[in-house]
Amino acid sequence: IDHSRPWARKHRAALHHGYSKAPYYGRYEPLLEEFYSRTDDLLADFDIALTVALAGELGIVDTRYVRSSSLGVRGAKTERLARILTEVGATHYITGPSARNYLDEEMLHREGVTVEYMTYEYQEYSQLHPPFDPNVSILDLLLMTGITAPRYIWDLP
């Protein structure tokens, strides 16, 4: 991360400008401030820590997170993915729909891994600028719905 450039300040300012009127902005502002105050050397460190923190906000707390680089696996594309999944003991892989264009499902099946393609059909929630746009960041959902956010992802009552 090049800290000589004001990327963090610009990101924070954009989030503040876009969401300061969101119902739960105040609840999540300290978290955002914490992350945009970090001085990680690697973008991966920032991204992973933020992903884990946001997952925690969604109630995902008993999940083990592993950096693929720590597993020592080699290979390219689906071969590398298959080795990672084998290394962590996975038998089921959930991925986005665009992976159909490049994922070698047969290779994963030979390794004993089933594949499921995610469908992104979340229920609508109020957004600051209608009409509803489902293709926004998880931050939009959290800032607009607060602790009820998981209900919109997993259709919980």
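Here are a few things to note about the model shown:
- Over all pairs of different C-alpha atoms in the range 67-157, the reciprocal of the mean inverse distance, the Kirkwood hydrodynamic radius, equals 15.7 Å.
- Ordering of 50-63, 20-33, 142-155 by burial proxy (mean other Cβ atoms within 10 Å per residue, highest first): 142-155, 20-33, 50-63
- Each Lys and Arg adds +1 at its Cβ and each Asp and Glu adds -1 at its Cβ; summed about the Cα centre, the range 21-86 shows a dipole of about 440 debye.
- Furthest towards positive pole of dipole, LEU103, SER70, LEU141, structure part the range 51-157, Cβ charges: SER70
- Once the C-beta distance of GLU106 and LEU71 is scaled by a Förster radius of 30 Å, the resulting FRET efficiency is 0.85 to the nearest 0.05.
- Rounded to whole Hz, the Karplus (6.51, -1.76, 1.60) HN-Hα couplings of the range 63-76, x for glycine and proline: 9, 8, 9, 10, 7, 4, 5, 7, 8, x, 8, 10, x, 10
- Computed from Cα positions, the angle between helix 77-88 and the longest principal axis of the chain comes to roughly 90 degrees.
- Full-stretch length increase - GLU79, GLU34 - with 0.36 nm per residue and alpha-carbon distance subtracted: 12.5 nm
- Evaluated with a Cβ-only charge set (Lys, Arg +1; Asp, Glu -1), the range 24-157 carries a dipole of roughly 360 debye about its Cα centre, given to the nearest 20.
- Against the chain, whose longest principal axis comes from its Cα atoms, helix 7-19 is set at around 70 degrees.
- Per-atom-type breakdown for the chain gives carbon and sulfur 52% of the accessible area (1.4 Å probe, protein chains only).
- The calculated FRET efficiency for the pair LYS21 and ILE147, based on their C-beta separation and a Förster distance of 25 Å, comes to about 0.85.
- Relative contact order of the chain, taken over Cα pairs closer than 8 Å and 6 or more residues apart, is 24 percent.
- Mean residue ellipticity (222 nm) of the chain, computed from DSSP H runs ≥ 4 via -39,500 (n - 2.57), nearest 500: -13500 deg cm²/dmol
- Using a Förster distance of 25 Å, the FRET efficiency for THR91-ALA55 (Cβ separation, nearest 0.05): 0.70
- Tilt relative to the chain, helix 25-36 - C-alpha long axis, 0 to 90 degrees, to 10: 60
- For the chain, the per residue solvent-accessible surface stands at 67 Å², with DNA, RNA and ligands left out and a 1.4 Å probe.
The values are calculated or read from the model by the stated rules, or taken from the named source; none is laboratory data. Worth saying up front: this structure is predicted, and the values here are computed from it rather than measured. Heads up, the Cβs are rebuilt from the backbone with ideal geometry, glycines too, and the neighbour counts pull from every protein chain shown. Surface accessibility is based on the protein's heavy atoms, side chains included, excluding ligands, DNA and RNA. Shrake-Rupley method; radii C 1.70, N 1.55, O 1.52, S 1.80 Å.
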